[in-house]
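Taking it in order: structure first as structure tokens, then the write-up.
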Amino acid sequence: MDEFTFYGDLLGIASAYRLGAQAAYQKLNTFYNTVFARLEPLCDRPRPQIHVHMFSDSLVVWGRGTKEILGHLQAVYLDLIGKNLLLRGAIVDGALEKEPRVEAKNFRKFLPTNDTLARAVGLEKTVKGARLLIEPSLAGRLLQDNPAWLTVEGYLENANADVPHSDVLRRICPTPSGASHELLYFWKADGVLGDGAEKPTIAVRLKELAEFHDRFVAEHLRETLTLLRRSAVRGRHK
């Protein structure tokens, strides 16, 4: 079945809280509003049904329609990066299932009955930067019609498949470590976010921000910058 579970968390919130509760609140408020604007319209549709759960700096999305949700998540990531917010997440095969529990007015429960959320959380923690990792088995399902694209070399040698250049599937690429796949979300449907006037703006901003943070946060920023570069390289192959 075409089901998925996505888990993501906003990077840098602990640092924001050290600067003051209001600074952290402003980041989280922007995060919530941005995600709501992009994903809430999907939750009102009967098919395919999408569920979204947000708590503190975490985002969980599950349901059906994996290819479609990747496009919407790409928009979420680009919106957030434009607001200096870094989201790190992972999407895995299978929809989150949770057990119905007896609840009270001020007592809510969320007990998963399968391992999808645990797998997504575990995969998300394996990299640095604002990344959207894709579980290998899920990447294989999405690219079943173009299995050569599961490797970097395979895509470069078979980039002219009968798939539109704007198709989100073209943005699925192995991570540099080869441990999983990820979405090159900087490559937009209408072009590469990295050409023209936008590249200096985002690239320079990431570099400058890295100079003002400790090693831990700076590493997230630099890894995000390398993702932008990989997206630009992939986007040039038509």
Check your understanding: Out of region 1-39, which residues are free of Cβ contacts under 8 Å to residues at least 40 places away in the same chain and within 20 Å of E97 (Cα to Cα)?
Key -> L39
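Taking the criterion of being closer than 23 Å to F216 by Cβ, outside any strand (DSSP E or B) and either modelled with pLDDT of 95 or more or of a type outside the set (A, V, I, L, M) (or both), would at least one residue in region 33-54 satisfy it? Reasoning before the result, please.
Within region 33-54, the subset closer than 23 Å to F216 by Cβ is none.
Within region 33-54 (the criterion being closer than 23 Å to F216 by Cβ, outside any strand (DSSP E or B) and either modelled with pLDDT of 95 or more or of a type outside the set (A, V, I, L, M) (or both)), the answer is no, since none of the residues qualifies.
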Check your understanding: V60 passes all but one of (1) modelled with pLDDT of 95 or more; (2) assigned to a helix (DSSP H, G or I); (3) touching a strand residue (DSSP E or B) at 6+ places or on another chain (Cβ under 9 Å); which number fails?
Key -> (2)
Review point. Taking L73, is it buried (at least 18 other Cβ atoms within 10 Å of the Cβ), at pLDDT below 95 and not in a strand (DSSP E or B)?
Key: no
Practice item. Hey, could you check region 84-135 for residues that are free of Cβ contacts under 8 Å to residues at least 40 places away in the same chain and β-branched (V, I, T) and say which is farthest from A179 (Cα to Cα)? Key: V102
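The values are calculated or read from the model by the stated rules, or taken from the named source; none is laboratory data. Predicted model, so just to flag it, every value in this text is computed and none were measured. A quick note on method: Cβ atoms are made from the backbone with ideal geometry, for glycine too, and the neighbour counts reach across all protein chains shown.
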